[in-house]
Amino acid sequence: MPGATEYIIVGAILFALGAVGFLTRRNLIVMFLSTEVMFQGVVVNVVAFARFHHNLQGQAFALFLLVIAAVEAGLALGMIMLLFKRKRTLDVDVWSMMRG
Amino acid sequence: MNDMTPYILYSLFAAGAVAVYFRMPRAGESKLGVGAIFGIASLVGLLAVLHTRIAAPVDSRWYFYLFSTIAIAAAARVVTHPRPIWSAMYFILVVIAVAALLVLFGAEFVAIAVVIIYAGAILVTYLFVIMLAQQSGSPMYDRRAREPFAAVVAGFLITGVIAGKIAESPPALPSGVAQASDMILADSANAPELGNTLAIGNMVMTRYVVALEIAGALLLISMIGAIALSRKNVPSEAFDGSAMPLGQLGKEVDPY
């Protein structure tokens, strides 16, 4: 059974890669795919801590994380379709006027 | 594990940041080869550091190396690939590798749930939207990354702070935690007949039953919201008339 340290390092790397993708990509769909990569890093982390503490609370928390991920994906993709219908492009810079 | 480990990790993360920076889609001539070399070097170095300084010497660590390499490399391709459909495919690889890591860590039920929910449901929805909304060819916004340098520096800082700190002082159990009342593990000696799935089910249905009900209500609310959003009629403000109407793309242009 591997220790918790290496799992936390792998989770941190996945999280940071997802964050980089969310910041750099301009395609709305790929931006939200990057947030899913960040979710994967978090799931690895909470399960590692569950193992480390010898209980199941982290695994139960991972299940609720999956619920949040599903909710986020459904609503985000619905909104992306609305935005695409309006502008006919997935470029997020088209909506830069919403910065105010 | 000694005092040098965090600094070795920092330099490896810097190499990985350089790799991601060079692999980003960009204008002008690309240096994909440089990025690939830096990426492979940082992954190999990370494995070497994990093996020699951090990982516990157990048999299953070779599987851990294999699946964590797959997960990290595929995640890097998700964020750097210029074609969204390939990003989605690499994300499936990330999900499967993460599920394998969870199985190694004794979380079988969460692993299966991750595969079913992510690879089975969420990814299919993403692929639907990509097919429906993807423009023909490779549009400009997929070939130019936005501020790749600043983002890569931010990612390097996040990883460095978390992983460097963890490697510097590995987490130590506070006293008394091991005697917690809900110490139910599939392989623990005091409950050998309880599987991981049964134990999680017991826990979620008793201790976290309120959270479970709230999660169900949240799913219902988001389903209603998604239906309301998708039925809404919006006027099109397309800049030119050249864009094809929704759902017509695959009929005229080969979608990859």
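None of the figures in this text is laboratory data; all of them are computed from the coordinates on show. In this text, all values refer to a predicted model and were calculated from it rather than measured experimentally. Glycine also receives a Cβ, built like all others from the backbone with ideal geometry; neighbour counts cover every protein chain displayed.
Points to keep in mind about this one:
- With Cα atoms defining each centre, the range A:12-31 and the range B:202-222 are spaced 29 Å apart in the structure.
- Where a label projected 7 Å from the Cα of residue A:79 along Cα→Cβ would reach, residues of the range A:1-37 with amide N under 15 Å: A:28-36
- Scaled radius of gyration (Cα, divided by 2.2 N^0.38 Å) that the range B:1-170 gives: 1.13
- Mean per-residue shielding of peptide B:147-153 is 3, counting Cβ atoms of other chains within 10 Å of each Cβ.
- In a simple Cβ point-charge model (Lys, Arg +1; Asp, Glu -1; nothing else charged), the protein assembly as shown has a dipole of about 1000 debye relative to its Cα centre.
- Across peptide B:54-65, the mean count of Cβ atoms from other chains lying within 10 Å of each residue's own Cβ comes to 3.
- Highest to lowest packing among A:24-33, B:64-73, scored as the average C-beta count within 10 Å: A:24-33, B:64-73
- From least to most packed, judged by other beta carbons within 10 angstrom and beginning with the fewest, B:7, B:90, B:208, A:7 follow the order B:7, B:208, B:90, A:7.
- Counting beta carbons within 10 Å around each of B:220, A:63 and listing the fewest first gives the order B:220, A:63.
- Binned Cα-Cα distances of the range A:4-92, short to long, each 10 Å bin given as a whole percent: 18, 38, 28, 13, 4, 0
- Neighbour net charge for residue A:20 - beta-carbon separation under 15 angstrom, K R +1, D E -1: +4
- Average beta-carbon neighbours from other chains, 10 Å sphere, peptide B:159-165: 5
- Unit charges at the beta carbon, dipole of the range B:11-91: most positive-side option, B:91, B:79, B:15: B:79
- Amide N of the range B:100-125 lying under 20 Å from the label point, which is placed 7 angstrom from the Cα of residue B:59 along Cα→Cβ: B:100-108
- Distance between the pseudo-spin-label points of residue A:68 and residue B:219 (7 Å out from Cα toward the beta carbon): 1.7 nm.
- Rg/Rg_globular for the protein assembly as shown, with Rg_globular taken as 2.2 N^0.38 Å and Rg from C-alpha atoms: 1.05
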